[in-house]
Each structure stands twice: as structure tokens, then as C-alpha cells.
Amino acid sequence: MSKKTKKTEWVRNCPKCDSEISYSVKQSMVRASTKNSICGKCNSTLIGKLNKGKTAWNKGLTKETDDRVMKYSIAITGVPKNFNSDQLDFLRKNARKQQKYMTYLKRGGLTDDEYLQRLPDVKKYRRIVRLMTSKVDTSSLENYRKDGYDLDHKFSVQEGFNRNIPPYIIANISNLQYIPSNINRSKGIKCAITQEELFNQI
């Protein structure tokens, strides 16, 4: 069976090389035109020039870096009070995802404790929810991977923090849905369901 070809309806030219750029969603083309975005090839060339002579972020990573990453992960998971040991282990196993950030942190001369003291609790909470959400298999949800749709938390992450709701509940698949991108942007921190509905559906 032949693979389905993705339908393209909208086209504009790269302002730098004049090559044709295709879009399957009109809004994406309008946004790119407004920002005067260049094509992927020109963008890669530009990034290559900007990074020329710079040290790669992962060059020279050592056991010390891994230990600092683990310490950071454990520190942020200590903020919410409602984690069990399995959930803490889950977050710690994903600590290596923080390596890039931690390497930049080290080069900037900022210690983990100094950074954590400056980081608001709400940002720590959001990071944990985002990490947990990224591990959820959302393929069964309606509009999965459909152009022009974003993954949304029905009961918002901000309200979850405000009401001290454990991150794993906010990241639960029953609290996830795909909605049109423009609606997701306008929704902001509003909730599509009540707290009672959130707990009833878990």
C-alpha cells in the first residue's frame, strides 16, 4: 500500500534565496510571512555560521556533570509534596534530559543551588508537568498529529499549581486533548473542566 501524500495548499517564497516553501496550513504561512521567515536550508546555513568556532554543548561531559544533573532533578522533585517513590524514580531517570541546560549553567558560573533559589516554584512545577506529559502516549486521542492542533491540558497547568494538585494528575491522559492551535493560544490559563471533573475522570 502506497504511503499517503501530505496535501499542500499554501506556498510562499523564501525572502533570502527565493526558493518555494510549502505549507499545509494557511495560518502557518501567514505567520511565516509576518515574521519574514527564511527556508530551512537558509536557516541551517545561518545557524552554522553563528555557531562556527563555538564549543559543542555536549563536549567534555563527565561523571561530574551527570551527578550535578541528578542533584538538580532531585531538587526540583522535592517541591511538590504528593509524589510517591515510583514517580520520583521516573523523574530521576529522566535527569539526563537536563544535561544541555546544566552544561550552560556550569559555563555561566552559576551553581545548582543559586539557580534553584532564583527559579519560581511555578516554573519548577511546569517543568515536571511538561516532562511527565511528554511520556504519555497520546496516539489514542482525537486529532492526534493533525495539522493545526496542539496538545492541551483541559485543567490548566497554572491552575494545577495554584491549587496544589499533584503534577502527575495534570499530566494524566484523561486531562489531555488536542485542540486547534488558535483556540489553544487564546485559552491561556483558563480551564475547560472543573477541578471536580478533573478528579472524577482520573
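Quick notes on this one:
- Verdict on LEU198 being surrounded by 14 or more Cβ atoms within 10 Å (Cβ to Cβ), more than 16 Å from the chain's Cα centre (by Cα) and more than 18 Å from SER24 (Cβ to Cβ): yes
- Tally of residues being over 21 Å from ARG31 (Cα atoms), aromatic (Phe, Trp, Tyr) and surrounded by 13 or more Cβ atoms within 10 Å (Cβ to Cβ) across the range 139-163: 2
- 3 or more residues modelled with pLDDT of 80 or more, of a type outside the set (Gly, Ala, Ser) and not assigned by TED's automatic domain parsing to the domain that holds GLU197: qualifying helices (runs of 4 or more DSSP H) within the range 83-180: 121-134
- Qualifying positions in the range 164-195 - touching a strand residue (DSSP E or B) at 6+ places or on another chain (Cβ under 9 Å), among the polar types (S, T, N, Q) and under 29 Å from LYS26 (Cβ atoms): GLN177, SER181, ASN184
- The set of residues in the range 146-186 being farther than 21 Å from ILE128 by Cβ and of a type outside the set (A, V, I, L, M, F, W, C) consists of LYS146, ASP147, GLY148, TYR149, TYR178, PRO180, SER181, ASN182, ARG185, SER186.
The values are calculated or read from the model by the stated rules, or taken from the named source; none is laboratory data. What you see is a predicted model, and the numbers here were worked out from it, not measured in a lab. Positions of Cβ are backbone-derived with ideal geometry, glycine not excepted, and every protein chain shown enters the neighbour counts.
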